[in-house]
Structure formats: C-alpha cells, structure tokens
C-alpha cells in the first residue's frame with residue numbers, strides 16, 4: 001500500500017492496481033470486463049497448440065519438453081490447445097509437461113478445473129530446466145509502464161496522486177528521444193523488457209521458442225496508450241485500484257531488440273491476422289462450423305474477428321523468440 005496522498009510512480013501504481021484487479025474480479029468473457037482471443041474462438045487455442053507441436057518437431061522432438069503459458073486466464077487457450085494436440089500430435093502430447101505462470105490464487109483455482117495436470121509458478125524464474133515452448137497471449141500488455149512527458153525541452157515523469165496525474169522530475173529514466181514536441185508522451189515498460197530478456201536467454205541457452213501475441217505498434221512510437229476497461233467499455237485508468245482492467249500497448253520493436261541482445265533469434269512482429277491465417281485458423285473454424293451447424297455463424301464470425309484487419313488482425317501482433325539454430329517457426333517463414 002502507498003501512503004495516502006503521496007505521489008506514486010505510474011508503473012508502481014499500475015502494478016498494484018493490476019494485482020488487485022486479478023485477485024478479486026471476474027475479468028473474462030461476456031460477464032466480465034473484456035474478451036480475449038481464446039474466448040472469441042476455440043480455433044485460436046487449437047492453432048497455437050498445433051503450432052507448438054510443429055515447432056517441437058523442428059526442435060528434434062525433445063522428450064520431455066515444457067509447454068508453458070504466461071498469464072493463462074481461465075485456462076481456455078491451453079485447454080483448447082491440448083485438445084487439438086492430443087487428437088493430432090499424440091507424440092507431442094506424451095512428451096509435454098504443462099507449466100503455468102500465474103500469480104493470482106483465484107485464477108489458479110479456475111485454471112485447475114480445466115488443467116489439473118499443470119504445475120504453477122509465480123514467475124518464469126522457477127520454471128525447471130530443459131527445452132520449452134512458451135505461449136504468452138495478452139500477457140505483456142498488462143505489465144506496468146512508466147510515462148514521460150515533454151515539458152520545456154526536457155522529459156518529466158508522470159506520477160499518480162489522489163486519482164489524478166501529476167508531473168515531477170524523472171527517476172533514473174530509460175533512454176528517451178533527444179527531440180520531441182512539447183507535450184509528447186513516451187512510454188517504457190521495464191517489466192516487459194525483463195520478461196522478454198529472460199525468455200530470450202531461456203530459449204537461447206536451453207532450446208525452444210516463445211510466442212508472444214499482443215496488441216501494439218510494430219515500431220516504437222510516441223503517444224499515450226494506457227487504457228482501462230470495465231464491463232466491455234472504456235473506463236478511467238485512475239479509478240480505484242482493482243476496479244478496472246489496466247493495460248498499455250506493447251512496443252514490439254524495442255522488445256525485439258532486447259531479445260536479440262540476449263541471444264535469441266527473433267521472428268516478427270507481424271500482424272496476428274496474417275499469422276493466424278498462415279496457421280489455417282479459418283480452415284479449423286470451417287471444420288468446427290460443419291460439426292456444429294447451429295453455431296456456424298458464431299464460430300465463423302469469431303475467427304473472422306481475429307484475422308480481419310479492421311478488427312484484431314492488424315492491431316495485434318505475433319512475435320517469436322527462439323533458439324538461433326531453430327528454423328523460422330510456422331507462420332513466420334516468409335515474414
């Protein structure tokens with residue numbers, strides 16, 4: 001807890017607010033605050049499970065191999081992935097050991113209902129050694145950010161106090177543009193860079209690949225992206241901590257540079273719609289629609305929402321970090 005009325009740096013405020021939110025609020029689905037790709041289309045999780053199986057083959061079929069998800073939500077993505085893997089790739093299904101990185105006890109309980117064989121971790125640092133395939137869907141966007149604002153030819157930093165922003169001298173700022181227009185905002189997530197650096201070191205030294213799917217620009221840009229959602233609508237980001245979902249755009253280009261600096265080969269980012277189309281998501285959705293004709297419209301429209309540029313297909317990106325000797329993973333071959 002922070003002292004009442006005392007200014008709190010934005011990233012520290014955001015970390016506290018996000019932890020409180022996931023500890024006590026139903027976030028996902030129609031009855032929650034937002035809907036993620038696994039909740040929109042069953043084919044999404046199936047595609048990622050089959051992507052992991054194909055990548056495992058390219059790795060030389062290591063047995064055992066860790067299958068890891070960061071921030072698994074209600075376990076929907078992984079349940080769909082495992083169902084597809086067991087049906088299509090039984091060798092991979094037998095070799096994988098399921099590990100989930102989730103700090104919320106409430107969400108762990110929900111995940112255990114669908115994924116009783118999983119082993120849970122508070123962070124990636126406690127994952128056991130060995131080759132791993134790591135999935136991170138809408139994980140990086142919830143990591144805390146700092147915001148810097150250009151004032152009189154210098155950068156000030158945003159703090160939060162009593163439900164409002166205030167500006168003060170920056171505390172050990174990261175590298176920021178030397179030139180920017182008055183009032184410009186730059187964002188930086190030390191937490192996201194730390195996660196990506198750790199994933200890069202992991203796959204570079206022990207083998208495997210990490211697939212990150214999230215929303216944000218392919219290149220680094222100036223601008224404010226902090227946003228809050230409640231009941232599927234926009235909300236005040238500075239509402240009482242724990243009452244709204246807080247996220248920010250993922251800046252993929254700087255994260256890709258961090259991954260390369262830590263030894264990983266990097267593929268992407270490329271639009272998620274293109275990536276999913278290369279994995280055959282529309283074919284999978286069509287097969288599902290054929291098996292359940294009474295749900296065909298909802299199944300096909302859900303998959304279309306994930307790939308359509310005007311929906312999620314362009315704003316969301318796919319970024320893969322892998323061992324340098326691994327060939328370009330499926331979906332990234334000509335990216």
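The values are calculated or read from the model by the stated rules, or taken from the named source; none is laboratory data. Small disclaimer: the values here were computed from a predicted structure and weren't measured. As a convention, Cβ positions derive from the backbone with ideal geometry for all residues, glycine included, and neighbour counts pool all protein chains shown.
Applying a threshold of 9 Å to beta carbon distances and a minimum spacing of six or more residues, or different chains, the list of pairs starting in the stretch 1-29 at a residue that is within 21 Å of residue 149 (Cβ to Cβ) and ending at one that is at pLDDT below 80 and surrounded by fewer than 16 Cβ atoms within 10 Å (Cβ to Cβ) reads 8/2; 12/2; 13/2.
Does residue 65 satisfy the condition of being under 30 Å from residue 314 (Cα atoms) and touching a strand residue (DSSP E or B) at 6+ places or on another chain (Cβ under 6 Å)?
Numbers: under 30 Å from residue 314 (Cα atoms): no; touching a strand residue (DSSP E or B) at 6+ places or on another chain (Cβ under 6 Å): yes.
No.
Tell me whether the stretch 318-333 contains one or more residues that are in a helix (DSSP H, G or I) and either modelled with pLDDT of 95 or more or touching a helix residue (DSSP H, G or I) at 6+ places or on another chain (Cβ under 7 Å) (or both).
The first filter runs over the stretch 318-333 and keeps only residues in a helix (DSSP H, G or I), leaving none.
No; the residues of the stretch 318-333 include none that is in a helix (DSSP H, G or I) and either modelled with pLDDT of 95 or more or touching a helix residue (DSSP H, G or I) at 6+ places or on another chain (Cβ under 7 Å) (or both).
Out of (1) out of contact with any strand residue (DSSP E or B) (no Cβ under 6 Å at 6 or more places or on another chain); (2) part of a loop (DSSP other than H, G, I, E, B), what's the single condition that is false for residue 257? It is condition (2) that residue 257 fails.
Do we find a residue being loosely packed, with under 14 Cβ neighbours inside 10 Å and touching a helix residue (DSSP H, G or I) at 6+ places or on another chain (Cβ under 6 Å) anywhere in the stretch 236-257? No, the stretch 236-257 has no match at all. Looking at the stretch 116-126, which of its residues are touching a residue at least 12 places away in the same chain (Cβ under 8 Å), surrounded by fewer than 20 Cβ atoms within 10 Å (Cβ to Cβ) and not in a strand (DSSP E or B)? Hits for the stretch 116-126 are 117, 122, 123, 124, 125.
Taking every residue in the stretch 175-190 that is free of Cβ contacts under 8 Å to residues at least 40 places away in the same chain and pairing it with any residue that is exposed (fewer than 10 other Cβ atoms within 10 Å of the Cβ) and part of a loop (DSSP other than H, G, I, E, B), at least 6 positions away or on another chain, the pairs with Cβ-Cβ distances below 8 Å are 182/152. When each of 171, 224 is tested for being under 18 Å from residue 157 (Cβ atoms), touching a strand residue (DSSP E or B) at 6+ places or on another chain (Cβ under 8 Å) and modelled with pLDDT of 95 or more, the lone residue that passes is 224.
Yes/no per residue for (1) touching a strand residue (DSSP E or B) at 6+ places or on another chain (Cβ under 9 Å); (2) at pLDDT below 95; (3) not in a loop (DSSP other than H, G, I, E, B):
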{"position": "50", "(1), (2), (3)": "no, no, yes"}
{"position": "74", "(1), (2), (3)": "yes, yes, no"}
{"position": "82", "(1), (2), (3)": "yes, no, yes"}
{"position": "100", "(1), (2), (3)": "yes, no, yes"}
{"position": "113", "(1), (2), (3)": "no, no, yes"}
{"position": "134", "(1), (2), (3)": "yes, no, yes"}
{"position": "147", "(1), (2), (3)": "yes, no, yes"}
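Of the residues that make up the stretch 41-52, is at least one surrounded by fewer than 21 Cβ atoms within 10 Å (Cβ to Cβ) and either in contact (Cβ under 8 Å) with a residue 12 or more places away in the chain or more than 26 Å from residue 288 (Cα to Cα) (or both)? Quick ask: steps written out before the conclusion?
Step one: of the stretch 41-52, the residues surrounded by fewer than 21 Cβ atoms within 10 Å (Cβ to Cβ) are none.
Scanning the stretch 41-52 turns up no residue that is surrounded by fewer than 21 Cβ atoms within 10 Å (Cβ to Cβ) and either in contact (Cβ under 8 Å) with a residue 12 or more places away in the chain or more than 26 Å from residue 288 (Cα to Cα) (or both).
From the list 203, 266, which one is surrounded by 18 or more Cβ atoms within 10 Å (Cβ to Cβ) and assigned to a strand (DSSP E or B)?
Values: 203 fails: assigned to a strand (DSSP E or B).
That would be 266, the only listed residue that is surrounded by 18 or more Cβ atoms within 10 Å (Cβ to Cβ) and assigned to a strand (DSSP E or B).
When the stretch 223-258 is filtered for residues that are under 30 Å from residue 205 (Cα atoms), touching a residue at least 60 places away in the same chain (Cβ under 8 Å) and over 15 Å from the mean Cα position of the chain (by Cα), the ones remaining, listed by number, are 254, 258. Here residue 230 clears all of (1) under 27 Å from residue 44 (Cβ atoms); (2) touching a helix residue (DSSP H, G or I) at 6+ places or on another chain (Cβ under 9 Å) except the condition numbered (2).
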